[in-house]
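As structure tokens, the structure follows; a few thoughts come after it.
The values are calculated or read from the model by the stated rules, or taken from the named source; none is laboratory data. What you see is a predicted model, and the numbers here were worked out from it, not measured in a lab. Positions of Cβ are generated from backbone atoms using ideal geometry, with glycine treated the same way; all protein chains shown enter the neighbour counts.
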Amino acid sequence: MLKKSNIPRPDSETGSKCLKIRAHHLCCIQGFQGYGYSPAFVVNLRAVIEDIKAFPSRSLELVSECDVICDSCPGKRECTAQVSIASRDIRNMDLVVMKKLKIEEGTIMEADKAFKLINSQLANASDVEDVCGACKWRQKCLWYLQEER
Ligand code: SF4
Ligand code: SF4
């Protein structure tokens, strides 16, 4: 049986809870097509996305460290290790996003505002390349592949 998601369930009692989200995951969430690092990872990511859709005004704390999506990822250990190349590279994606959005580590904003902001500020192909350039999921990611840019 797959592990239960670690995130708050989408019910009226949890709609005000703040979710910690890596800044670059604002992009990944929008590009998700059901692919991921493991079945448990996919289940958890789907639950995070459903929760945010159910509560578009949910507060998100935007960070450059492991978040509610990473919690079910088999790569979490490597991404948590301060000295690993993967950790440095992935954190750099978060920092690039924060710089482009002109926000600081730990900024809290409502989910729908965060998605509007990222889609307006990362508006051209070079911005997207700056964030996603090294990602292995590029050819399966709707956000990366979208043509309107
Ligand atoms: S290409 Fe990779 S890093 Fe970029 S949004 Fe998609 S999944 Fe995230
Ligand atoms: S690869 Fe790293 S940053 Fe990406 S979801 Fe897994 S633990 Fe999080």
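Of all the residues in the range 63-85, those that are in a helix (DSSP H, G or I) and touching a Phe, Trp or Tyr at 6+ places or on another chain (Cβ under 7 Å) number 1.
Conditions (1) modelled with pLDDT of 95 or more; (2) away from ligand 2 (no atom under 11 Å from the Cβ); (3) within 20 Å of Trp143 (Cα to Cα), marked per residue:
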residue	(1), (2), (3)
Gly15	no, yes, no
Lys20	yes, yes, no
His25	yes, no, yes
Lys76	no, no, no
Ala86	no, no, no
Leu101	yes, yes, yes
Ala114	yes, yes, yes
Asn119	no, yes, yes
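Among residues of the range 32-51 being away from ligand 2 (no atom under 13 Å from the Cβ) and surrounded by fewer than 21 Cβ atoms within 10 Å (Cβ to Cβ), the one that is farthest from Trp143 (Cα to Cα) is Pro39. Once the range 76-117 is narrowed to residues that are away from ligand 1 (no atom under 13 Å from the Cβ) and of a type in the set (S, T, N, Q), the residue that is surrounded by the fewest Cβ atoms within 10 Å (Cβ to Cβ) is Gln82.
Looking only at residues of the range 36-68 that are among the polar types (S, T, N, Q) and farther than 16 Å from Ile118 by Cα, we find that the one that is farthest from the chain's Cα centre (by Cα) is Ser38. The selection criterion, being over 16 Å from the mean Cα position of the chain (by Cα), hydroxyl-bearing (Ser, Thr, Tyr), within 14 Å of Leu26 (Cβ to Cβ) and assigned to a helix (DSSP H, G or I), does not hold for Ser126. Summed over the range 129-149, the residues that are in a helix (DSSP H, G or I), within 15 Å of ligand 2 (Cβ to nearest atom) and of a type in the set (D, E, K, R) give a count of 2. Exactly one residue among Ile118, Ile90 is under 17 Å from Gly31 (Cβ atoms), part of a helix (DSSP H, G or I) and touching a Ser or Thr at 6+ places or on another chain (Cβ under 9 Å), and that residue is Ile90.
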